[in-house]
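In what follows, a structure is listed as structure tokens, so that the remarks can point back to it.
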Amino acid sequence: MFADLLAGISQAPVVIPSRSPCILAFDSGLGGLTVFSELLTARPDADFIYVADDAGFPYGRLTESGLVARVLGVMRRLVEVHSPDLVVVACNTASTLVLPHLRSHFDLPFIGTVPAIKPAAAASRTRRISILATPGTVARDYTRGLIEAYAGGCRVELVGSHRLAAFAEAELRGAPVAEDQLAAEIAPCFVEDEDGRTDVVVLACTHYPLLLSRLRGLAPWPVTWIDPAPAIARRMTEVLQAPMQYDGLRQEGGRLAVFTGGEGLDDALRAALAARGLPKTVIDPFPLDATGH
Ligand code: DGL
């Protein structure tokens with residue numbers, strides 16, 4: 001499966017010559033906004049649909065078969081309605097499991113978000129790195145495959161947090177959780193033994209960079225935090241390979257946020273979305289039990 005996923009990553013570039021590409025960025029909730037910001041900076045000429053499958057949030061608690069069924073079900077509807085040219089799965093929990101299924105079901109390029117273990121191992125001097133992720137991502141064979149392939153010489157802590165994605169959502173909605181709660185979630189990332197201590201932490205859930213400034217402040221010692229979003233945006237521009245048509249204008253018509261639940265979509269959240277380049281929001285209900293889980 002690991003080989004299949006890697007094989008899928010090196011797909012042929014897509015050339016979209018005559019109009020702006022339509023890019024769909026997908027996550028279980030608001031975490032994919034950290035990737036979306038980089039995508040928007042990389043291709044301000046593109047149309048974007050940001051999808052929060054909030055009716056399924058959090059993905060970290062779903063079974064593997066439940067998650068595959070969920071993402072395929074929602075994606076079928078999204079592709080039918082929006083006809084994107086390219087999909088960025090801005091979610092580690094989904095990408096580390098569902099990418100091969102998506103690629104075999106749809107005739108579309110999919111770019112995934114997977115734990116940045118290779119750059120972390122390359123950046124670490126102490127050879128002690130931590131992967132902070134959802135329990136789902138931590139449990140994946142794919143994640144273990146990345147560690148074996150790229151971090152053989154490192155001591156790797158896999159830290160699965162049950163609460164941090166929800167804490168990140170609360171932060172964006174303007175209701176930040178207390179410091180001690182955040183500190184408890186990241187504490188297992190910081191490991192010290194007689195030969196050294198952790199010097200790199202991978203943010204392997206797209207929600208977590210929403211908390212980055214607070215996490216930096218709470219860390220018991222300084223570390224390098226790795227956010228994969230800029231690398232995903234670079235990959236998107238490579239795959240699209242159309243010339244930049246930047247005119248300095250971000251037209252509202254070309255950006256849409258879609259929620260599959262919409263609970264909690266209040267004025268504060270709408271304002272936060274607008275500030276991040278998504279002034280229009282719609283709810284397209286897709287209850288969790290619609291996929292049988
Ligand atoms: N943002 C998602 C990720 O990157 C996960 C959050 C969730 O559990 O739904 O893994």
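A few notes on this one:
- In the set Gly56, Gly66, only one residue is surrounded by 18 or more Cβ atoms within 10 Å (Cβ to Cβ) and among the small types (Gly, Ala, Ser); that residue is Gly56.
- Taken as a whole, the structure leaves Phe48 outside the set of residues that are crowded, with 24+ Cβ neighbours inside 10 Å and not in a strand (DSSP E or B).
- Pairs where the first residue, in the range 187-199, is at positive phi and the second is surrounded by 17 or more Cβ atoms within 10 Å (Cβ to Cβ) and in a loop (DSSP other than H, G, I, E, B), C-beta under 6 Å, 6+ apart: Gly196/Thr126
- Of all residues in the range 194-214, those satisfying the criterion of being touching a Lys or Arg at 6+ places or on another chain (Cβ under 8 Å) and surrounded by fewer than 15 Cβ atoms within 10 Å (Cβ to Cβ) are Gly196, Arg197.
- Checking each residue in the range 63-83 for being closer than 25 Å to Leu269 by Cα and not charged (D, E, K, R) picks out Val71, Val74, Met75, Leu78, Val81, His82.
- Taking every residue in the range 87-110 that is among the hydroxyl-bearing types (Ser, Thr, Tyr) and pairing it with any residue that is part of a strand (DSSP E or B), at least 6 positions away or on another chain, the pairs with Cβ-Cβ distances below 7 Å are Ser95/Val89.
- Scanning the range 15-64 for residues that are away from the ligand (no atom under 11 Å from the Cβ), of a type in the set (Asp, Glu) and within 13 Å of the chain's Cα centre (by Cα) turns up just one, Glu38.
- Among the residues listed as Gly145, Gly217, Gly153, the single one being assigned to a loop (DSSP other than H, G, I, E, B) and surrounded by fewer than 23 Cβ atoms within 10 Å (Cβ to Cβ): Gly153
- The range 91-116, residues that are within 12 Å of the ligand (Cβ to nearest atom), hydroxyl-bearing (Ser, Thr, Tyr) and part of a helix (DSSP H, G or I): Thr93, Ser95, Thr96
- Contact map, the range 156-170: first residue on the phi < 0 side of the Ramachandran plot, second residue assigned to a strand (DSSP E or B), Cβ cut-off under 6 Å, separation 6 or more or different chains; pairs are Val156/Ile129; Glu157/Ser130; Leu158/Ile131; Val159/Ser130; Val159/Leu132.
- Residue count for the range 187-214, restricted to those that are among the aliphatic types (A, V, I, L, M), more than 16 Å from the ligand (Cβ to nearest atom) and part of a helix (DSSP H, G or I): 1.
No lab work stands behind these numbers, since they all come straight from the coordinates. Predicted model, so just to flag it, every value in this text is computed and none were measured. All Cβ positions, even for glycine, are placed from backbone atoms using ideal geometry, and neighbour counts span all protein chains on display.
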